[in-house]
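Student: Sharing a structure, written as structure tokens. Questions coming.
The values are calculated or read from the model by the stated rules, or taken from the named source; none is laboratory data. Everything numeric in this text was worked out from a predicted model, so none of it was measured. We place every Cβ from the backbone using ideal geometry, glycine too, and count neighbours over all the protein chains shown. Heavy atoms of the whole protein, side chains included, go into the accessibility calculation; ligands, DNA and RNA do not. Shrake-Rupley method; radii C 1.70, N 1.55, O 1.52, S 1.80 Å.
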Amino acid sequence: MTSFQTRSLNHSASLQTYWKSAFFIVLVSLLTLATSCSKDDKPIDLPMLKGTISSYNHYDGAMLDLTKVDMENAGFALGDIISITLDNKTFDIPYYDGYYARSGDLLLVAYPSYATLCFTASNTGLPEELRGLEGHAVIVKMKEKGGCLDVQNAMSLKYSNERSDYPTLTDAEFANARAVSVGKIASGVLHRCSTPFTDVTKRAFYVSDYLENIKDMTVLNLTDTEEDMKSYDMPPFSRTLWDGGKVILCPLKVDPTAEDYNNRLIAALKELSLRPAPYVVHCKEGKDRTGYVCALLEGLCGATYEEMVADYLITYNNYYGVNPQKDSDVCKALVWLRLNPCLMHYASVSDEAQLPNVDYAKAFASYLLSHGMSQQQLDALIQALTVSKAPQ
């Protein structure tokens, strides 16, 4: 056997020994990995919480007996996508600290003023089949870590109820109280604000002071029932408005596309058309419900898309210091998420890109007439909004 053949045989034997060893090492590694994966991939090792539905709030949201701290301790964070299971149904939804979803979209909310978590649909509350389940078990599991963190970061706005935290704002700005003068709306005939009747955000007395300078007003209250109003310890001037019959109650949810919303709003606007201006529109914070109704009145009186957007965003500057000049992305997200769907509904527009081109006076008049207002009532409302009031 030549030395070349000998080297070849020796090399072949070495290779066989090498591959046997390599195969053994790979086999052991795979078995180890399989064992490791079988342990790590068990659902029980993923963030998970069990709780129950303790009650439903006024907006048909399910209040759970779980808190934001419970979520943090279990390994969840705002901006995660979670799976929530109840009544043998599982839903993959975002977890936010605000209603950062379009109307009807499900989400889990750790809202700052809520003591516990709320499982709901943005603006609409839960559908009928998910209501009335008090006491039912709920399981929350991780679906995708940070899967909606970009929205959470853009929308997680916080405000303070302490006047001292807003040193650059006037008392009226702190109260989110202002006159609206866009389109053909006459000076001083339309005002918007946070609630003057309950001091839940510590702004009611500032709103009441603002309203004392307005004579013979009619207040359109978009948040309270008569039972609510009877329970409030109101500022003195606000009490005179309520006791004097100056307040139209129109408690709305935050979904302007809902049938109940439209029915209640049209009934209130019919009554408003019979009442004297100036008009004051408010909900609790004076943000979304107030923003939607004011946008309707503004567009009815000829305001442009840009004017309605600008007025809507003033509120977010008052509460959060957010404005289009320095917070463009946040403002765009706010308008996309909240105001645009409302305007699309009022104007019967399906293409969002067309919103800047709409004739809102015509489109909003059509909306009101098609939902039950008479031409006479519509004309009276427009007349009240566009004719200046003589100084008192």
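Student: As I understand it, the dipole of the range 224-321 uses +1 on the Cβ of Lys and Arg and -1 on the Cβ of Asp and Glu, about the Cα centre. Which of L313, Y232, Y261 lies farthest toward its positive end?
Tutor: Farthest along the dipole direction, towards plus: Y232.
Student: Note down the accessible area of K202, probe 1.4 Å, to the nearest 10 Å².
Tutor: K202 has an accessible surface of roughly 100 Å² with all protein chains in place.
Student: For the range 286-346, what does the accessible surface come to per residue with a 1.4 Å probe? Please give it in Å².
Tutor: Details: 1820 Å² over 61 residues.
Accessible area per residue: 30 Å².
Student: Let me know the charge dipole size of the range 54-173 about its Cα centre in debye, to the nearest 20, where only the beta-carbon of Lys, Arg (+1) and Asp, Glu (-1) is charged.
Tutor: Working: 9 positive and 18 negative charges, 46 e Å.
Using only the charged Cβ atoms, the result is roughly 220 debye.
Student: Where Lys and Arg each count +1 and Asp and Glu each count -1, what net charge lies around R203 among other residues with Cβ under 9 Å from its Cβ? Each step should come with its number before you reach the end.
Tutor: On the way: positive: R163, K202; negative: D199, E285.
With Lys, Arg at +1 and Asp, Glu at -1, the net is 0.
Student: Is any helix in the chain, taking whole DSSP H runs, at least 20 angstrom long along its axis by alpha carbon and on average at least 0.0 on the Kyte-Doolittle scale, and which ones? Provide the component values of the computation, followed by the final result.
Tutor: Values: long enough: 3-40 (54 Å, 0.29); 305-320 (23 Å, -0.53).
TM-like helix candidates: 3-40.
Student: Can you compute 3J(HN,Hα) from phi for each residue in the range 215-226, using the Karplus curve 6.51 cos²θ - 1.76 cosθ + 1.60 with θ = phi - 60°, rounded to whole Hz and x for Gly and Pro?
Tutor: My calculation for the range 215-226 gives 9, 6, 7, 10, 9, 9, 9, 9, 10, 9, 8, 4 Hz in order.
Student: Under 11 Å from the Cβ of L249, count the other residues' Cβ atoms, weight Lys and Arg +1, Asp and Glu -1, and hand me the total.
Tutor: Details: positive: R264; negative: D224, E226, E227, D228, E271.
Neighbour charge sum, excluding L249 itself: -4.
Student: Now for a separate question. Using a 1.4 Å probe, what is the accessible area per residue for the range 72-223, in Å²? Spell out each step's value before the answer.
Tutor: Values: 6380 Å² over 152 residues.
It amounts to 42 Å² per residue over the range 72-223.
Student: In terms of modelled amide H atoms, which long-range or inter-chain residues lie less than 5 Å from the amide H of D65?
Tutor: Distant-sequence amide H within range of D65: T52, S54.
Student: For the chain, what's the relative contact order in percent, using C-alpha pairs closer than 8 Å and at least 6 residues apart? Please list the in-between numbers first.
Tutor: On the way: 663 pairs, mean separation 55.8, N = 392.
So the answer I get is 14 percent.
Student: Relative to the present Cα-Cα distance, how much length would full extension add between L133 and D171 at 0.36 nm per residue of separation? Kindly include the intermediate steps, with their values, before the conclusion.
Tutor: Working: separation 38, 0.36 × 38 = 13.68 nm, distance 4.37 nm.
The L133-D171 span can extend by a further 9.3 nm.
Student: Per-residue ellipticity at 222 nm for the chain, helices alone: DSSP H runs ≥ 4 residues times -39500 (n - 2.57), over residue total, nearest 500 deg cm²/dmol?
Tutor: Values: 14 runs with 159 residues, N = 392.
Per the formula, -12500 deg cm²/dmol.
Student: Do the alpha carbons of any pairs in K68/K230; K68/K246; K89/K287; K68/K284 sit beyond 29 Å of each other, and which pairs? Mind dumping the intermediate values first?
Tutor: Values: K68/K230 33 Å; K68/K246 41 Å; K89/K287 34 Å; K68/K284 23 Å.
From K68/K230; K68/K246; K89/K287; K68/K284, over 29 Å: K68/K230; K68/K246; K89/K287.
Student: Summing Lys, Arg as +1 and Asp, Glu as -1, what charge do residues with Cβ under 13 Å from the Cβ of D165 carry, D165 excluded? Don't jump to the answer; show the numbers that get you there.
Tutor: On the way: positive: K158, R163, K202, R203; negative: E162, E173.
Here the count lands on +2.
Student: Can you send over the carbon and sulfur percentage of the accessible area for the chain, probe radius 1.4 Å, protein chains only? It would help to have the intermediate numbers written out before the result.
Tutor: Numbers: 10330 of 19060 Å².
C and S fraction of accessible area: 54 percent.
Student: In addition: According to the square roots a ≥ b ≥ c of the eigenvalues of the Cα gyration tensor, what is the shape class of the range 53-106, taking rounded for a/c under 1.5, prolate for a/b larger than b/c otherwise, and oblate for the remainder?
Tutor: Taking the square roots of the gyration eigenvalues as a ≥ b ≥ c, the range 53-106 is rounded.
Student: Please state the charge dipole magnitude for the chain, taken about the Cα centre, from unit charges on C-beta atoms (+1 on K and R, -1 on D and E), reported in debye and rounded to the nearest 20. All intermediate terms of the calculation are to be shown ahead of the outcome.
Tutor: Numbers: 35 positive and 47 negative charges, 151 e Å.
Using only the charged Cβ atoms, the result is roughly 720 debye.
Student: Let me ask something else about it. Can you give the extra length, in nm with one decimal, that the chain gains between S181 and K50 once fully stretched, where that is 0.36 nm per residue apart less the Cα-Cα distance?
Tutor: Numbers: separation 131, 0.36 × 131 = 47.16 nm, distance 5.11 nm.
Between S181 and K50, full extension yields 42.1 nm more.
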